[in-house]
Amino acid sequence: MNIVGIYVGHNATVSLIKDNRLVSAISEEKFTNVKNTCGFPVKSLEYTMKEYELNASNIDHVVFSSTHIGGGSLHGVPPDYDSDTNVSQFWDLQYRLFGSSIAQDIFPKIGEMLLESGKDNGQIRLRKLLIDEYGFKNSQISFVDHHLCHAYAPIGFFNLHKLEEPVLVITQDGYGDCKCGTVGIYSYGNYELKEVTSLGDSLAYIYGAATLYMGMHINEHEYKIMGMASYPSEKYGLKLYEKKFSDLVDIVNGEICLKHKIFVPWAFAKTILKERLMGERFDNIAFALQHLIEERTVQFVKEKIRKYGIKKVAFGGGLFMNVKLNKLIQEIPEMEMCYFMPSSGDESTAIGAVFYALESKDEFGVSDETVYLGKEYTKKDIEAYLSENNIEKTYDIDKPRIIEREVAQLIHSGKIVARFDGRGEWGARSLGNRAILADPSKLESVEIINNAIKCRDFWMPFAPSINEKQFQNYARFNGKVSPFYMITAFDSTAEGKTQIKAALHRKDKTLRPNVVTSNNNFEYHDMITHYEVLSGIGAVLNTSLNIHGYPMVGQINELFFTMDNSDLNYAQLGGYMLRKKVS
Ligand SMILES: [Fe+2]
């Protein structure tokens, strides 16, 4: 069966199950080169249909990963109906009236009513678009609840239908389809919804609002707060937590309850957080916020494990992009196994949607548990691009006999090297195929990458790609989680603290690894093995291939955009080695 999944909101994404196997997932930002592109993902859909020779007659079903779709999510969808302005008018209203804390409590209910009233209109517009522009029939199109898609993302991705016992599935995000989270139980094709976190009671939105208060972008820069949270003195951070954060959230009868409900984080930041945090140090705020989220979420997860007696737990939704939180969750003593959806933000709902739609038709999907689901260039494509664009005018181009050894030698000689090979990664993390690589043992690597290419904030850590044989020499691994996707952090060992120190968090010495095997990425594993022969270190420093503010590179032209607009001088492009000519 062939099923296409579409997510039309922030970081719009298209996924594909072909002949019951997950074969493709790609976000619109890879085509627009604009981070987290929102709206109907027209280019991703066109790419997917062309690449897999699909059309309305050989696609069995198209499934959208939300039911309540309005506002910016309908960007690019013709406005055939005019009644969908209620929600955006409401947002404007709240934005203007945010001066009152009481407004925080009453707005979620009004917002829920308006979202509900706009639901049909969004669906009608999207159906009409698919019917008019792509030739689908109405019966081929469906809409699935956002949190059900978050739940089915790890269920499908990790093939959880093969488990012999039930799995607890927990989702948490800002909001989606009038909910902020769910708890359910999944067992061999049966998902039973047990609990819902109400609109307004979002832990993720507290984090998002604090990110805004700190002058950064919500739904994008939360990881910067997380990175900063380890720096201040625990004494002062805890003091601020007790004074200003601890009463913001409570777990009451097993439910997450916010003291002040959040529907629009901007408003929460401008009222509650401003009143509480004015004059407090930025680093203490980061600590206290992270501490609040960790304490409450771990308590919540422990209570659910105890209540349902299930010790294998899957996690979906944007809250679980927080690798430090995930570290504590996997360390819960009673936890047997964690399944953290890689890149668990809304981009993962497109993947959850296709697995859910397939199971609704009484069939199971197959996942190779890989995020290399993006665009690939053949040798012929690369050669055509190089010659048609006169790349040799600005780059020396070689075709080494063993390109992986060449890359390893360059890294060993202290160079920073871009790697563009194989299929691009779906999701927010580079797992080596669209990557910037460097020597993980030298702290100078961090400075060079920051100054020459990434302009990252000085407190932000890089991450390692580690040969699986060396992983447990560098990280304290409890075997309760897949360590392949940079979705959870670990403590480092003494050997890790010396051998890969540039790829650890500078203050707390944790790492969020991408473990590489010959099975999950043969060529990249080969390159790291060559590097290990040269250096004695079974890992490289890996950061995503992009310039500050741009999405991770998806297409060849963006590789050259990145090279041309930075001091990155070396790149592997498939079997070719490129060296920028000195002008
Ligand atoms: Fe979500």
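Values quoted throughout were computed directly from the atomic coordinates according to the rules given, and no laboratory measurement underlies them. The shown structure was predicted, so the numbers you read here are calculated from the model rather than taken from an experiment. Methodologically, a virtual Cβ is constructed for each residue, glycine included, from the backbone with ideal geometry; neighbour enumeration extends over all protein chains shown.
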Return the subset of 312/361; 43/375; 324/469; 224/375 for which the Cα-Cα distance in this structure is over 18 Å, preserving the input order.
312/361; 324/469; 224/375
Environment charge at residue 186 (Cβ cut-off 12 Å; Lys +1, Arg +1, Asp -1, Glu -1)
0
So if I restrict to the alpha-carbon atoms in region 379-580, what is the Rg, and what is Dmax, the biggest pairwise distance, in Å?
16.0, 51
Report Rg(Cα)/(2.2 N^0.38 Å) for the chain, keeping two decimals.
0.95
Could you state, as a whole-number percent, how many of the C-alpha pairs of region 158-257 are farther apart than 20 Å?
55 percent
The summed charge of the residue 256 Cβ neighbourhood (under 13 Å; Lys/Arg +1, Asp/Glu -1) stands at -2
Starting from the amide H of residue 314, placed 1.01 Å from N in the peptide plane, find each other amide H under 5 Å away whose residue is 5 or more places distant or on another chain.
168, 169, 170, 339
Options 367, 175, 47, ranked by Cα towards positive dipole end of the chain, top entry (Cβ charges):
175
If neighbour count is taken as other Cβ atoms inside 10 Å, put 139, 57, 66 in order from fewest to most.
139, 57, 66
Suppose every K and R has +1 on its Cβ and every D and E has -1 on its Cβ; what is the size of the dipole of the chain about the Cα centre, in Debye to the nearest 20?
1380 debye
For residue 395, the residues 5 or more places away or on another chain with a placed amide H closer than 5 Å to its own amide H are 581
Only Lys, Arg (+1) and Asp, Glu (-1) charged, at Cβ; region 379-580 dipole about Cα centre in debye:
540 debye
Fewest Cβ neighbours within 10 Å first, please rank 131, 262 accordingly.
131, 262
Sorted by Cβ density within 10 Å, fewest first, the residues 150, 530, 412
412, 530, 150
For residue 136, residues with placed amide H under 5 Å, excluding near neighbours:
131
